[in-house]
Amino acid sequence: MRRKLLLSVLLCGIISVCLSGCVQKKEYPGSDKIEALRDNAASYDSARYFITNVESGVLEQVFTFMYDEDGSQIYLCEGVDSDGDYYAEYSNGREVFRTEKGIGSVIPSSDETFAVYTRKDPHPYSTGQLFFYVNAYIFSAEEGTDSEGNTLYFYNYDTEKINKALGNTLTEFATSYAFDGDGNFVYFRQHNASDVTEADGRMYNVGYTYEITVEEINNITEIENPVVISGNSGE
């Protein structure tokens with residue numbers, strides 16, 4: 001689940017970069033609030049994001065970040081994979097540590113998955129891209145309320161345009177943002193579904209819905225490394 005979830009979440013950032021162009025902006029319910037939320041998130045000094053599978057109720061991933069005095073970004077991404085095993089990736093801004101299937105290691109800089117981040121070049125999870133919004137590709141929008149009385153803004157996206165731009169097979173792509181009575185952000189949800197062809201040639205429609213909440217904004221001053229090194233690893 002780790003790789004699948006990362007791809008699903010990072011699709012937000014990829015689409016934002018690929019599809020945002022010089023297109024006349026349309027006004028939709030809540031668009032000003034959402035754009036402000038994304039702008040504010042891009043300037044957070046620290047925060048903790050929680051990513052939950054809505055169907056199962058499982059908290060699948062937690063991403064925590066902050067910046068060092070020199071502008072290096074310290075982060076911890078942890079969660080559970082499809083087998084229920086704990087994984088974690090930690091960076092102190094210079095090194096990357098990872099635990100998978102109970103094995104902890106230092107990732108060498110020569111590894112293709114190695115990456116460190118700074119305030120000028122931050123991890124994509126910490127820039128507001130998790131809260132997907134591309135005005136030009138919204139197909140329809142509406143305002144409503146949830147069971148807690150929060151104001152909801154729903155957006156359905158044009159999957160034909162997205163598929164044409166990125167070569168995907170999306171059949172559904174929708175998001176919703178919740179704000180409380182004081183206008184404070186409560187949660188974000190994204191639902192997407194795709195046609196998947198298995199090895200036997202059969203096609204299935206696979207859907208996934210996740211929820212993102214954020215806490216401790218600008219209040220994190222330390223992130224501990226949970227990775228215990230096993231055996232010889234690193235450069």
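The table that follows gives values for the structure above.
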{"item": "Calculated [θ] (222 nm, deg cm²/dmol) that DSSP helices of n ≥ 4 give over the chain, each run adding -39,500 (n - 2.57)", "result": "-5000 deg cm²/dmol"}
{"item": "For the chain: accessible area per residue (Å², 1.4 Å)", "result": "53"}
{"item": "Label-point separation, residue 72 to residue 180 (7 Å along Cα→Cβ), nm", "result": "3.7"}
{"item": "The chain, accessible surface, carbon-and-sulfur percent (1.4 angstrom probe)", "result": "47"}
{"item": "Kirkwood hydrodynamic radius (C-alpha pairs) into Stokes-Einstein, the stretch 177-221, 4 °C and 1.567 mPa s, D in µm²/s", "result": "94"}
{"item": "For the chain, radius of gyration divided by Kirkwood radius, i.e. Rg to Rh on alpha-carbons", "result": "0.98"}
{"item": "Contour excess over end-to-end distance, with Cα ends at residue 45 and residue 228 and 0.36 nm allotted per residue", "result": "63.2 nm"}
{"item": "Cα-based Lys pair tally, the chain, threshold under 20 Å, eight or more apart or on separate chains", "result": "4"}
{"item": "Spacing of the two label points (7 Å from each Cα toward its C-beta) at residue 164 and residue 204, in nm", "result": "3.1"}
{"item": "In Å², nearest 10: area of residue 145 left accessible to a 1.4 Å probe", "result": "100"}
{"item": "Cβ charges +1 (Lys, Arg) and -1 (Asp, Glu), total dipole of the chain, debye", "result": "660"}
{"item": "Positive-pole candidate from 96, 199, 125, dipole of the chain, charges at beta carbon", "result": "199"}
{"item": "Sequence of 54, 227 from largest to smallest accessible area, 1.4 Å probe", "result": "54, 227"}
{"item": "When the convex hull of its Cα atoms is projected in every direction, mean area for the stretch 118-235 (nm²)", "result": "13.4"}
{"item": "Accessible area (Å², 1.4 Å probe, nearest 10) - residue 116", "result": "60"}
{"item": "Helix axis angle, 31-41 relative to the chain longest principal axis, alpha carbon, degrees", "result": "10"}
{"item": "Alpha-carbon gyration tensor eigenvalues x 5, square-rooted, for the stretch 56-114, Å", "result": "23, 16, 7"}
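The values are calculated or read from the model by the stated rules, or taken from the named source; none is laboratory data. None of the values given here were measured: they were computed from a predicted structure. Cβ atoms come from the backbone with ideal geometry, glycine included; neighbour counts cover every protein chain shown. Note: areas computed on protein heavy atoms with side chains; ligands, DNA, RNA excluded. Shrake-Rupley method; radii C 1.70, N 1.55, O 1.52, S 1.80 Å.
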